[in-house]
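Let me begin by presenting the structure, written as structure tokens, before commenting on it.
The values are calculated or read from the model by the stated rules, or taken from the named source; none is laboratory data. Everything numeric in this text was worked out from a predicted model, so none of it was measured. Note: ideal-geometry Cβ built from the backbone for every residue, glycine included; neighbour counts use all protein chains shown. Only protein heavy atoms, including side chains, enter the accessible area calculation; ligands, DNA and RNA are left aside. Shrake-Rupley method; radii C 1.70, N 1.55, O 1.52, S 1.80 Å.
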Amino acid sequence: MIENRKDLLGLYDLSAEEIQYILKSAETMKYVLLQKNKKTPHLQGKSVVTLFYENSTRTRLSFELAAKYMSASAANISASSSSVAKGETLIDTGRTIDRMGTDVIVIRHHASGAPHLLAKHVKSSVINAGDGMNEHPTQALLDMFTMQEKKGDLKNLTVAITGDIFHSRVARSNIYGLTKMGATVRVFAPATLLPKGIESLGVTVCRTIEEALLDADVVMGLRMQLERQKQGFVPNMREYAAQFGIDERRLALAKPDALIMHPGPVNRGVEFSSFVIDHDNSCIDEQVTNGVAVRMAILYIFAHRGQDVKLPESPQRKENVR
Ligand code: CP
């Protein structure tokens, strides 16, 4: 149960019980999502605004669809086409949205901590849809939901996270979430893309990509975040792919039934080869579908501030475990 929590700012703040509650609620939402008629009254009379200062396809669209499937009024603001471009501050923009009767503001911002600042100045619930290099909690929740759906208990899993960990808010949120849920997390990145002291977060730092992948249950690749790399962190993309990318030969080190995951968008042929992206064990497309279910659950829970959120059991649960 999530009681008296106004905002979802990161998985650093959530307990294992709160994470499990969201994942459980998402099971019901996935069931709803797979019906021919996806419209539910869960958020009737509520309003959701997505406020994006950075580009997005998956996160923004899945929040908007999630809100609309549950009958909320949903609207989007992009920084580039709003009064932000005229110099309005984040707090003033937030207050403006707040005073229109908004229940939930979903924000993506290039600055780490921007959702936390906004949350202090608005009555609406604030959901972090990615802040700088800090956290992307809803991505990690959909990743954990996908792992749990496919593999069962997260506690028994070894998850290898590889790629540009330094710039990755997805890596940070997954590390916070997965370690709280009892999973074993290994990380591998080229030395220039590995944050100093990351082992203090409870992960095993591997010296080679082969060591990270060996007998892993889940192989999670991260995008090279070229937009955040002002200097050359790696010589070039071709060399990066050859030295650190995952191809057929490296994938064979993981368990034969290892899940292949990537938050997207993928740099095809860089962090993963096409063989890996299009492999039968690839869950990349399913992560996108699960993103809608998880965001439906999050909107429902936070729009109601953790109150009155008794969701029916989903009859789908066991059938989806493979
Ligand atoms: N994974 C993710 O955050 O994708 P978008 O940037 O397309 O939202």
**Study point:** Rounded to 5, percent antiparallel among DSSP beta bridges of the chain
**Key:** 5 percent
Review point. With θ set to phi - 60° and the Karplus curve 6.51 cos²θ - 1.76 cosθ + 1.60, what are the ³J(HN,Hα) couplings of segment 282-296 in order, to the nearest whole Hz, using x for Gly and Pro?
Key: 6, 10, 4, 5, 5, 4, 5, 4, 5, x, 5, 4, 5, 6, 4
Review point. To the nearest 10 degrees, how steeply does helix 16-33 sit against the main Cα axis of the chain, on a 0 to 90 scale?
Key: 80 degrees
Point to revise | For the chain: relative contact order, % (alpha-carbon pairs under 8 angstrom, 6 or more apart) | key: 23 percent
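Taking the square root of 5 times each eigenvalue of the Cα gyration tensor, what semi-axes in Å does the equivalent ellipsoid of the chain have, largest first?
In descending order the semi-axes read 32, 24, 17 Å.
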Exercise for review: Could you check how much of the accessible area of the chain is carbon and sulfur, as a whole percent, using a 1.4 Å probe?
Suggested key: 50 percent
Revision key, fill the gap. Residues whose built amide H sits under 5 Å from the amide H of ILE77, excluding neighbours closer than 5 in sequence, are THR50, LEU51, PHE52
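Treating only the Cβ atoms of Lys and Arg (+1) and Asp and Glu (-1) as charged, compute the dipole magnitude of segment 155-312 about its Cα centre; round to the nearest 20 debye.
700 debye
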Check your understanding: Which angle from 0 to 90°, rounded to the nearest 10, does the C-alpha axis of helix 58-69 make with the longest principal axis of the chain?
Key -> 40 degrees
Point to revise | Where the Cα pairs of segment 82-240 fall when distances are cut into 5 Å bins, in % | key: 2, 8, 16, 18, 16, 13, 11, 8, 5, 2, 0
Point to revise | Cα convex hull of segment 1-51 - mean projected area over all directions, nm² | key: 4.9 nm²
Review point. Using a Gaussian network for the chain with springs between C-alpha atoms less than 10 Å apart, which of these wobbles most: PRO263, PRO190, PRO41?
Key: PRO41
Review point. Across 10 Å bins from the origin, how do the percents of Cα pairs in segment 21-75 run, short distances first?
Key: 23, 49, 27, 1
Exercise for review: Obtain the nm distance between the two label points defined at SER112 and GLU88 by a simple spin-label model: each point lies 7 Å from its Cα along the Cα-to-C-beta direction.
Suggested key: 2.9 nm
Point to revise | Residue with peak Gaussian network fluctuation, the chain [Cα springs, cutoff 10 Å], from VAL276, VAL234, VAL32 | key: VAL234
Revision key, fill the gap. Segment 1-27 and segment 94-132 have their Cα centres apart by a whole-number Å value of 18 Å
Review point. Among LEU34, ILE97, CYS283, whose Cα lies farthest out toward the positive end of the dipole of the chain, if unit charges sit on the beta carbon of Lys, Arg (+1) and Asp, Glu (-1)?
Key: ILE97
Review point. Separation between the ASN4 and ASN236 pseudo-spin-labels, each 7 Å from Cα along Cα→Cβ, expressed in nm?
Key: 5.9 nm
Revision key, fill the gap. Cα extents of segment 1-128 per principal axis, largest first, Å, are 43, 33, 26
Revision key, fill the gap. The answer for trypsin sites (Lys or Arg not before Pro) in segment 57-151 that fall in a DSSP coil and have at most 15 neighbouring Cβ atoms within 10 Å is ARG99, LYS123
Practice item. Convert each backbone phi in segment 137-152 into a coupling constant with the Karplus relation 6.51 cos²θ - 1.76 cosθ + 1.60 (shift: θ = phi - 60°), then list the ³J(HN,Hα) values in order as whole Hz, x for Gly and Pro. Key: x, 6, 5, 5, 5, 6, 5, 5, 4, 5, 4, 5, 5, 8, 10, x
Point to revise | 3J(HN,Hα) from dihedral phi, segment 87-100, Karplus parametrisation 6.51/-1.76/1.60, rounded to Hz, x for glycine, proline | key: x, 5, 6, 4, 5, 5, 4, x, 4, 4, 5, 4, 6, 9
Review point. To the nearest 10 degrees, how steeply does helix 169-180 sit against the main Cα axis of the chain, on a 0 to 90 scale?
Key: 90 degrees
Review point. Can you list, largest first and rounded to whole Å, the semi-axes you get for segment 147-274 by taking the square root of 5 times each eigenvalue of its Cα gyration tensor?
Key: 22, 17, 13
Review point. Can you give the charge dipole size of the chain about its Cα centre, rounded to the nearest 20 debye, using +1 on the beta carbon of Lys and Arg and -1 on the beta carbon of Asp and Glu?
Key: 720 debye
Point to revise | Alpha-carbon Debye profile of segment 110-163, log10 I(q)/I(0) at 0.27 Å⁻¹ | key: -1.03
Review point. To the nearest whole percent, what portion of all C-alpha pairs in segment 148-200 is separated by more than 14 angstrom?
Key: 52 percent
Review point. Where only protein heavy atoms count, and the probe is 1.4 Å, what is the accessible area per residue for segment 144-239 in Å²?
Key: 40 Å²
Check your understanding: Amide H to amide H, which residues 5 or more places from ILE246 or on other chains are under 5 Å from it, using H placed in the peptide plane?
Key -> PHE272, SER273
Check your understanding: What does segment 237-295 give for Rg and for Dmax, in Å, if only its C-alpha atoms count?
Key -> 12.2, 38
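What relative contact order, as a whole-number percentage, does segment 1-110 give when Cα pairs under 8 Å and 6 or more residues apart are counted?
Values: 109 pairs, mean separation 32.9, N = 110.
Contact order relative to length: 30 percent.
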Review point. Most mobile of HIS279, HIS262, HIS167 per a Gaussian network model of the chain (Cα springs, under 10 Å)?
Key: HIS279
